[in-house]
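FYI, it's all coordinate maths here, none of it is from the lab. Treat the numbers as computed from the prediction; the structure is a model and nothing was measured. A quick note on method: Cβ atoms are made from the backbone with ideal geometry, for glycine too, and the neighbour counts reach across all protein chains shown.
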Amino acid sequence: MRLLMEGGRNDAKWYLATPPDSVAATKLSSIATVLPTVFRGLQFLASARRLAGFCREQNIQIIDCQTSKAHSIALLIRKFNPLVKVVVHRRVDFTPSGSWINRKKYLSTAIDRYVSISDAIHEILQNYGIPDKRLSVVKSAVDPSPFRALDHETCRKKLAHELNLPSDIPWIINVAYHTEQKGMETLIRGLQKLKTRTPDFVCLLAGSGHLTEQLKIMTHEYRLDSQVRFLGIRKDVPELLVAGDIFALPSNYEGLGTSILDALHSRCAVAASRIGGIPEMIQHDRTGLLSEVGDDSQLAINLERLIRDPLTRRELAAAGEAFISDKFSIARMVEGNLAVYRDVLAT
């Protein structure tokens, strides 16, 4: 949202309705007027009334909903202020439940447009029954500047010293929450198979979650303690990615997977799963390597290929960076969303 607001500064005036203690309230206060809003409990209805009145007073034309709760409150706002248009962004690739309340929410004609961040999500909404005329796709983007400003060798040397790592063998990086979504068990099993082919690698896992302890047990049982490091939450993710050689993300489901965009801007070769929006960024053997969901054997083969063939690794990384710099650029994302706004207002 920050990138859209910054890119659209000259095209719109931005207001942000968000809980007063949210991170967004702090981070976006310089580019948007923050409207502290309670999205739960008895204050939900009062918040909707207040925002509807504010939209009327300020002649606000569009509400862009970035969360499910925002989607819900926008439906109420529309009842109090029928003139305001409603756009809902959808980032997850699972089908909304078929309960009557969910169908009423998602199929409501009060939603003027759904914006999916990938073709995969677009198809899910189509199959749910939302008419094509109320569906658009605008691919997400990330800011490449934090990655492009860094040097591989400098970051590598710094982290090798900090973490006591060998710098002359390939580094596999994973940055993810340790949840069922991210396929972390597939990654550990794949690394165990990879070790039987080539033990000369390290895998750095940045992140945490409810599966972390289970993953540590798996790592020990598979005798991967020398290869796998659990780094926890890191504040230096750009440095970590730029220092790496390969980014592995064998997700079980994924709306898009913007961490892959980060990795490609960091010039890492990517090995990921063929699911959700990932194939829209990673075209097998062109911009990275893909394996099927849960297929740890193929993941291991792909990782081994990237380890043993540095030329292919560099070529895939370069092709991946060039592809997303074009198709997933900030400029495309900003203009795509502004085009949706213009179209919604014209109908």
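Given +1 at the Cβ of Lys and Arg, -1 at the Cβ of Asp and Glu and no other charges, the dipole of the chain around its Cα centre is 1320 debye to the nearest 20.
Applying the Kirkwood pairwise sum to the alpha-carbon positions of the range 70-125 produces a hydrodynamic radius of 11.9 angstrom.
From most to least packed by mean Cβ count within 10 Å, the peptides 178-186, 254-262 give 254-262, 178-186. When Rg and the Kirkwood Rh are both derived from Cα coordinates, the Rg/Rh ratio for the range 145-327 amounts to 0.92. Compute the angle between helix 119-128 and the longest alpha-carbon principal axis of the chain, please, reported from 0 to 90 degrees and rounded to the nearest 10. Taking the Cα atoms of the chain, the angle to 119-128 is about 50 degrees.
The angle between the Cα long axis of helix 296-308 and the main principal axis of the chain comes to about 60°, on a 0 to 90 degree scale. Distance between the 7 Å Cα→Cβ label points at Leu345 and Ser297: 5.7 nm.
Quick one: go through the range 313-347 and flag any residue whose amide nitrogen is under 19 Å from the point 7 Å out along the Cα-to-Cβ line of Gln58. Under 19 Å, as judged by backbone N against the label point of Gln58, lie 338, 341-342, 345 of the range 313-347.
Here the label points at Arg314 and Leu107, each 7 Å from Cα along the C-beta direction, are separated by 5.6 nm in the simple model. Full extension of the chain segment joining Thr198 with Asp285 gains 29.2 nm, where the gain is 0.36 nm per residue of separation less the Cα-Cα distance. For the pair the range 203-246 and the range 274-309, the centres of their Cα atoms are 19 angstrom apart. Within the chain, the proportion of C-alpha pairs whose separation exceeds 38 Å stands at 24%. Panel order for Ser108, Ser291, Ser47, by other beta carbons found within 10 Å of each beta carbon, from fewest to most: Ser108, Ser47, Ser291. Reported to the nearest whole Å, the Cα centre-to-centre distance from the range 107-156 to the range 7-72 is 21. Ranked by the mean number of other Cβ atoms within 10 Å of their residues, highest first, the peptides 36-44, 72-80, 192-200, 94-102 fall in the order 72-80, 192-200, 36-44, 94-102. Taking only the alpha carbons of the range 1-157, we obtain Rg and Dmax values of 17.7, 59 Å in that order.
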